[in-house]
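To start, the structure under review is shown below, and the notes come after it.
The values are calculated or read from the model by the stated rules, or taken from the named source; none is laboratory data. The structure displayed is predicted, hence computed values, not measured ones. Cβ: placed from backbone, ideal geometry, glycine included. Neighbour counts: every protein chain shown.
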Amino acid sequence: MNNREWFKEAKYGMMAHWGLYSILGGEYKGRRVLDYAEWIQSYMAIPNAEYEKYAKIFNPIYFNAEEWIKLAKDCGMKYFVFTSKHHDGFAMFKSEVDKFNIVDATPFGRDVVAELGEACYKHGLKFGLYYSQELDWHHFHGGGYDNFAGCSGVSWDNSWDFPEREKKDFSICFEEKIKPQVKEILTKYGDLCLIWFDVPHTITKEQSLELNQLVKTYQPDCLINSRIGNGAYDYVSLGDNEYPTEFKETENSDPNSLDGFKYSPYGLYETAGTLNSSWGYKYYDQNWITAEEIAERKERLNSLGVNYLLNIGPDHLGRIPSFSVEALKKSVEIIK
């Protein structure tokens, strides 16, 4: 069975957002983010020189890949997708491209992508990786030069450290960092069921097609989601927490839009959703969905032929919030 056939039958997966932002838990110098905690560097315009200091204290002593993957398996999930690099540019794997990574820059010094991949293969789950292919706030030439956009409401790119936008050239970041790191995750961690790209705005069609070709060269069966941009995808990612009540394909939709039923070449769709109001860990966010809501959303999405990718946001020590675990475990009995 190829991955297109498998994906259609999988129906249910787990995602995890975890990185340096988990240390802050949504709060910086007494100020709390209003939305997604993993965007805190942008929200608060935290300088890279200061943000890098969090790497020096990142030591998640309770991280246990087996526990995360067994939880997903026990909940009936068929695949696991992990944030290998988010918009802050910090890699959660050993990268030869940039030393700003969990192995070289932290006292923890372990490759969590490798450990999660091994746990997935051991327990029979498919393994996929999220990779932010345009936004990279750690790189001078990181993309996203849209005014009054992004969760910050200012721009998608790092405009606080690097305000001289006229000097930026995303193609440099793309060639120096994005493509080489995508090659790394394709060649170091076994067979990937998918790569989950995100937030295409200033990435060109040629660059999206280059990434597509890079993925297909090293892993022909690896699926690519629609957020790669410019129509170079295998399946459609609906909007964050988008739970439609009917299937209605949007005609002539923008291929870079982040929501809606765009055309899917293989009829494959997925909604990624959160358990509270954030993807990354936000310690004060108690807006948890219930087990009943998990079950209802899964049933609704699956009835429309849409997979449900449900996110967890572990804390800075590697612990999954207890409310998440309780709701997930309780939902199993309802789903049955």
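Looking at segment 1-30, which of its residues are in a loop (DSSP other than H, G, I, E, B) and surrounded by fewer than 23 Cβ atoms within 10 Å (Cβ to Cβ)?
Of everything in segment 1-30, those that are in a loop (DSSP other than H, G, I, E, B) and surrounded by fewer than 23 Cβ atoms within 10 Å (Cβ to Cβ) turn out to be M1, N2, K11, G25, K29, G30.
Suppose we filter D254, D285, D221, D198 for residues that are within 19 Å of the chain's Cα centre (by Cα), assigned to a loop (DSSP other than H, G, I, E, B) and either surrounded by 23 or more Cβ atoms within 10 Å (Cβ to Cβ) or not hydroxyl-bearing (S, T, Y) (or both); which single one remains?
D198
Identify all residues within segment 265-282 that are crowded, with 17+ Cβ neighbours inside 10 Å, part of a loop (DSSP other than H, G, I, E, B) and either free of Cβ contacts under 8 Å to residues at least 60 places away in the same chain or not small (G, A, S) (or both); write none if there are none.
L268, T274, L275, N276, W279, Y281, K282
Where the second residue is of a type in the set (S, T, Y) and assigned to a helix (DSSP H, G or I) and the first is in contact (Cβ under 8 Å) with a residue 60 or more places away in the chain and closer than 27 Å to N48 by Cβ and lies in segment 71-93, which pairs have Cβ atoms under 8 Å and are six or more apart or on separate chains?
Filtered contacts from segment 71-93: H86/Y21; H87/S42; D88/Y21; D88/Y51.
Can you work out which of the residues in segment 146-193 that are of a type in the set (S, T, Y) and more than 21 Å from the chain's Cα centre (by Cα) is modelled with the lowest pLDDT?
Checked segment 146-193; the qualifying residue modelled with the lowest pLDDT is S159.
From the residues in segment 57-90 that are closer than 28 Å to A295 by Cα and of a type in the set (K, R), which one is surrounded by the fewest Cβ atoms within 10 Å (Cβ to Cβ)?
So, considering only residues that are closer than 28 Å to A295 by Cα and of a type in the set (K, R), the one surrounded by the fewest Cβ atoms within 10 Å (Cβ to Cβ) is K70.
Among the residues that make up segment 225-233, is at least one of them assigned to a loop (DSSP other than H, G, I, E, B), surrounded by 15 or more Cβ atoms within 10 Å (Cβ to Cβ) and in contact with a strand residue (DSSP E or B) (Cβ under 8 Å, 6 or more places away or on another chain)?
Yes, that holds for at least one residue.
Which of the following residues is crowded, with 16+ Cβ neighbours inside 10 Å, within 21 Å of C222 (Cβ to Cβ), small (G, A, S) and touching a His at 6+ places or on another chain (Cβ under 6 Å): S132, S95?
Matching residue, one of S132, S95: S132.
For segment 288-299, which positions are touching a residue at least 12 places away in the same chain (Cβ under 8 Å) and surrounded by 16 or more Cβ atoms within 10 Å (Cβ to Cβ)?
Answer for segment 288-299, where residues must be touching a residue at least 12 places away in the same chain (Cβ under 8 Å) and surrounded by 16 or more Cβ atoms within 10 Å (Cβ to Cβ): W288, I289, A291, I294, A295, R297, K298.
If you check every pair at least six apart or on different chains, which have Cβ atoms under 8 Å apart with a residue in segment 1-25 that is touching a residue at least 12 places away in the same chain (Cβ under 8 Å) first and a residue that is assigned to a helix (DSSP H, G or I) and hydroxyl-bearing (S, T, Y) second?
L20/Y51; L20/Y54; I23/Y54; L24/Y54
Considering each of S277, S257, S264 in turn, give the residue that is within 26 Å of S331 (Cβ to Cβ) and among the small types (G, A, S).
Result of the check over S277, S257, S264: S277.
Please go through segment 127-143 and give me each residue that is in a loop (DSSP other than H, G, I, E, B) and either in contact with a Leu (Cβ under 8 Å, 6 or more places away or on another chain) or of a type in the set (F, W, Y) (or both), ordered by number.
Q133, W137, F140, G142, G143
Would you mind telling me which numbered condition in (1) surrounded by 22 or more Cβ atoms within 10 Å (Cβ to Cβ); (2) of a type outside the set (G, A, S); (3) touching an Asp or Glu at 6+ places or on another chain (Cβ under 8 Å); (4) assigned to a helix (DSSP H, G or I) K329 fails?
(1)
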